[in-house]
Structures are given as C-alpha cells and as structure tokens.
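Right, one structure below, let's go through it.
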Amino acid sequence: MKTGFHILVIGGGMVGACFAALAASNRHFADLRIAVLEAQPPTMPPPESGDEVDLRVSAISRASERVLREIGAWQLLPGRHVSAYDDMIVWDAEGKPRGSGSIHFSASESGEPNLGYIVENRRVLWSIYDSPAFRNRVTLLRGELAGLEFEDDHATAVLSDGRRIEAALIVGSDGSSSLSRKLAGIETTGWDYEQRAFVTHVRTQHPHERTAWQRFLPDGPIAYLPLADGRSSIVWTTTPEHAERLVADAPEQVAKELTLALDCTLGLVELAGPRGQFPLRLTHAKDYCRERFVLVGDAAHAIHPLAGQGVNLGFLDSAALVEVLAEELDAGLSPTALGERRVLRRYERWRKSENAVALGLVDGLNKLFGSRAITLGWARRTGLNIMDGSMLAKRFLMGRALGIGGDAPSLVRTHR
Ligand SMILES: Cc1cc2nc3c(=O)[nH]c(=O)nc-3n(C[C@H](O)[C@H](O)[C@H](O)COP(=O)(O)OP(=O)(O)OC[C@H]3O[C@@H](n4cnc5c(N)ncnc54)[C@H](O)[C@@H]3O)c2cc1C
C-alpha cells in the first residue's frame, strides 16, 4: 500500500511533533499534507490534580515557550506542573554559591519575567499532540521506519510492516541514534563522554527559592532544578560506576551523597522520586540534509545536558526550518519541491553553525570544570568572578540560554 504526503516526519518525539505542528499552524502550509510516523505515540499523562512528577524533566527556555505558544501547546500545560525559575547560581567545587568562584544569573537583571521553566517531558509532548495544530492538521501514523528510498522528485519511507509512504520531504527527527540519518547516508562526529547522568527528585531541608543550583564537581556537575511542589529534580553527571551505585544504593546513603555534593547548600536531602541514569554522548551530523531529506533535534545533534539545551535547540531547529520553507513557499516554490537540497541548504547553513556554537560551549565547560589541574581551578574561579561582575557577559550568556540571542528564528525573537 502506498500513501503520499508533502512532508513526512520520522519520529514524533518532542522535536518532530513540534515541527509538524508548527508547519501545520503556518498559513503557507495550509494546503499541504503533513504526517508524523512514530513507533510509540504518547499516552495522556495523569490529570492536572495528579501529584506524581515523572523522572524526565527539561529546562524549557523562553524561545521554546514562544514556539509552544505559537502552536497552542503551552496554553494546555497544567499550571501546577510548570515550574518557573527566577535565578540560576553556578559555582566551582572550590567556590561558594553567591561567593567567590560563582556566577549568579537573575531574571531581574535580564528584563525577563523568569529564566525558564522546569516541565516534565511527557507533559510537553502530550501538549504538542493535543494542540489544535497537531490534532486538526497532522496525520499520525503508528509504525516503525525500516528503510528509505530516494527518487528525484520524492522519497519513500518503508515501514517494518511493509507499508510504503511517499513524501516530497522527509524530516528525520528520530533521536540521537537516528536510523533515518543512517539510511540517508549522513555521517556524524562525536564522542562518548564516559559520564552518565543520574536523575531523581528530592525534598530539601531549605526551600529552593525558585533557583536552579549547579555545582561543578571534578567528575561532572550536579544540578538541583526547582519543581513547583517544592521538590527539586536532580541531574548529576558522574562516572558510569558512580551513577550505577547511585541507582542501586540505599536511599539514605544516596541522600547523604546528594547533600554533600551540593555542599549542604539546601540543607539535608531526602529522596522523593524514582531513580535513573542515562549515558552521555556528543553527536553532530556532518550534514543536515540531502536531496528530499533533512534532520532536526537530537537526530542532528546530541549535547551534554549540563546547560539544559538539547530539546531547546531542537525547537529552534523546527522554527528555523518552518521559517525557511515558508519563505520559499511564499516566493512561489511548488510544495512538491520542498525537499530540494538547494532549499534545505539554507536551513543547514543557519542551524548547523548555531548548534556548533552551543555544542562547543557546553563541551568546553564540561572539560574546563572537569579538570583537576590546580592552575585551571584557579583560572576557573577567577573567570567566574570576572563574569559575575560583567553585566555584558551575563546578558550574552542569558540571551543564549533563553534561546533568543544569536541568530534566532524570527518567531522567538519577538513577543506575539
Ligand atoms: C539527563 C538528561 C537531561 C536533559 N535535560 C534537558 C533539559 O533540561 N533541557 C533540554 O532542552 N534538554 C534536555 N535534555 C535533552 C533532551 O531530552 C533531548 O534533546 C530531547 O529529548 C530530544 O528530542 P527529540 O524529539 O529530538 O528526540 P527523542 O526524544 O529521542 O525522540 C525521537 C522519537 O523518534 C521515535 N523513533 C525512533 N526511531 C524510530 C523509528 N525507526 N520509527 C519510528 N519512530 C522512531 C522515538 O520513539 C521517539 O519518540 C536532557 C537529556 C538528558 C539525557
């Protein structure tokens, strides 16, 4: 059986689903047929009154908030599951929070209402699937990609059950181990960090003050991200052996380690959620497109989670790709020509360089703070002190973290 679409998105995670909904909500795509192929479509999370907070949460930037608002998804997120934070305090293992060797970012200094939000991934994802743009205009196909065939004027996705789906443009958003990327013959650069991210939620003796706290330890940073119910969500980057122990050890022992890892900044800690660990890898696709095919999100780039940027960069990819395609359609491009490499190269040039800056910055920070060399330790603390005193440097970094600095898509640069 054969079916045809103008755009077929492979992988309906947060980024792929968001791209589909953004395209569907843009007037230039009004007559286009858009589909998402997803192996495991999400189910509705527990209703708003549920107290349960899932293990996987993300720091969502201002730019991502604007993208999600555009498709009507942000408006669907239950308020009590959206945890705004106003401050971020980052310090070196040998420094002190709010003291020497630290940097303090504050919403009041950035002219923004807050610095971002902590939201469960499953709620972000569901809000996108439940958004008017997605529900009314996007065809959801449940199935697994197994092959890709490329012709001059279209590409065909072959599913594991034998179905064949033709499209003028295929968007690969099937995550960091992307099969579509491999099938399209696109190579990657990158390396394993030999670190893992240990995640859980905790209750702390002292209130988190709507602040994201991050302390850089020699094996990797530990972050306490504030949740609306007073708990904090932990992301602790550490060695694989240590991460395994943190998942398996007695809760009291892990709580003690977490208390000390943050230098008792929020007092004693009690575990208050499930535990998990994730391997960490940097991946960057050498090309973002070929004829009839383009990459977005983790399929194009996987970044260390220490700056909470992964999905935020993916949402920026989605907004940029929609912007480029909409401009081409506006200039008279036939919808059947959407997959031309000449068109997709405009997106590639734009987003590949922006993502390379983010990947490089975050990788550099991880290496700089991971070094045990005494001279580097001194340089780190001095650098943090200098940056903390420079409003210009802080505004630049906050602009990047909020996703509205650099060469951001027009959708996220202005309030609507
Ligand atoms: C510990 C940790 C903390 C993080 N914290 C943050 C944070 O605070 N802020 C932030 O911005 N980012 C964060 N990230 C990164 C973020 O989670 C990812 O960048 C984001 O989930 C990537 O989304 P995606 O849609 O590109 O890919 P994915 O979420 O991997 O989605 C890919 C989708 O494709 C589907 N799929 C795969 N193969 C096939 C196939 N063959 N056929 C059909 N469908 C397929 C999958 O089922 C899945 O739904 C963190 C990551 C980690 C590990």
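The values are calculated or read from the model by the stated rules, or taken from the named source; none is laboratory data. Owing to the predicted nature of the structure, the values given are computational and were not obtained by experimental measurement. Cβ atoms come from the backbone with ideal geometry, glycine included; neighbour counts cover every protein chain shown.
Computed quantities for the displayed model
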{"item": "Segment 24-68: number of residues that are part of a loop (DSSP other than H, G, I, E, B), among the acidic types (D, E) and either crowded, with 16+ Cβ neighbours inside 10 Å or within 12 Å of the ligand (Cβ to nearest atom) (or both)", "result": "1"}
{"item": "Test: L313 is part of a helix (DSSP H, G or I), within 21 Å of A184 (Cβ to Cβ) and either polar (S, T, N, Q) or touching a residue at least 24 places away in the same chain (Cβ under 8 Å) (or both)", "result": "yes"}
{"item": "Of all residues in segment 96-113 being closer than 15 Å to F396 by Cβ and of a type outside the set (G, A, S), the one that is modelled with the lowest pLDDT", "result": "E109"}
{"item": "Selected residue (criterion: farthest from Q195 (Cα to Cα)) from residues of segment 370-416 that are at pLDDT below 80 and exposed (fewer than 13 other Cβ atoms within 10 Å of the Cβ)", "result": "R416"}
{"item": "Candidate set from segment 321-341 (those that are surrounded by 23 or more Cβ atoms within 10 Å (Cβ to Cβ) and under 30 Å from G116 (Cβ atoms)); member that is farthest from the ligand (Cβ to nearest atom)", "result": "L325"}
{"item": "Test: residue in segment 132-141 that is closer than 26 Å to K182 by Cα, at pLDDT 95 or above and basic (K, R)", "result": "no"}
{"item": "Some residue of segment 138-146 being more than 14 Å from the ligand (Cβ to nearest atom) and within 16 Å of V296 (Cβ to Cβ)", "result": "yes"}
{"item": "Condition met for S318 (of a type in the set (S, T, Y) and modelled with pLDDT of 95 or more)", "result": "yes"}
{"item": "Criterion: farther than 13 Å from A39 by Cβ, away from the ligand (no atom under 14 Å from the Cβ) and out of contact with any strand residue (DSSP E or B) (no Cβ under 8 Å at 6 or more places or on another chain) - qualifying residue of E187, E151", "result": "E151"}
{"item": "Odd one out for S178, checked against (1) more than 11 Å from the ligand (Cβ to nearest atom); (2) modelled with pLDDT of 95 or more; (3) of a type in the set (S, T, N, Q)", "result": "(1)"}
{"item": "One residue from G190, G172, G185, G162 being within 18 Å of the chain's Cα centre (by Cα), small (G, A, S) and more than 22 Å from V322 (Cα to Cα)", "result": "G190"}
{"item": "Some residue of segment 271-292 being part of a helix (DSSP H, G or I) and more than 13 Å from the ligand (Cβ to nearest atom)", "result": "no"}
{"item": "Residue match in segment 184-197 (condition: crowded, with 17+ Cβ neighbours inside 10 Å and not in a strand (DSSP E or B))", "result": "yes"}
{"item": "Pick from segment 88-114, criterion of a type in the set (D, E, K, R) and surrounded by fewer than 19 Cβ atoms within 10 Å (Cβ to Cβ), ranking: farthest from G230 (Cα to Cα)", "result": "E94"}
{"item": "Residue in segment 154-163 that is surrounded by the fewest Cβ atoms within 10 Å (Cβ to Cβ), counting only those that are within 14 Å of the ligand (Cβ to nearest atom) and in a strand (DSSP E or B)", "result": "V158"}
{"item": "Residue list for segment 119-133, restricted to those being within 15 Å of the ligand (Cβ to nearest atom), under 18 Å from F19 (Cα atoms) and touching a Ser or Thr at 6+ places or on another chain (Cβ under 9 Å)", "result": "N121, R122, V124, W126"}
{"item": "Residue within segment 356-369 that is at pLDDT below 85 and either among the charged types (D, E, K, R) or touching a His at 6+ places or on another chain (Cβ under 7 Å) (or both) present", "result": "yes"}
{"item": "Test for G267: is it touching a strand residue (DSSP E or B) at 6+ places or on another chain (Cβ under 7 Å), under 24 Å from G230 (Cα atoms), in contact (Cβ under 8 Å) with a residue 40 or more places away in the chain and assigned to a loop (DSSP other than H, G, I, E, B)", "result": "yes"}
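Per-residue answers, yes or no, for (1) among the basic types (K, R); (2) buried (at least 19 other Cβ atoms within 10 Å of the Cβ):
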position	(1), (2)
P251	no, no
L266	no, yes
V269	no, yes
P274	no, no
L280	no, yes
A285	no, yes
R292	yes, yes
H301	no, yes
L306	no, yes
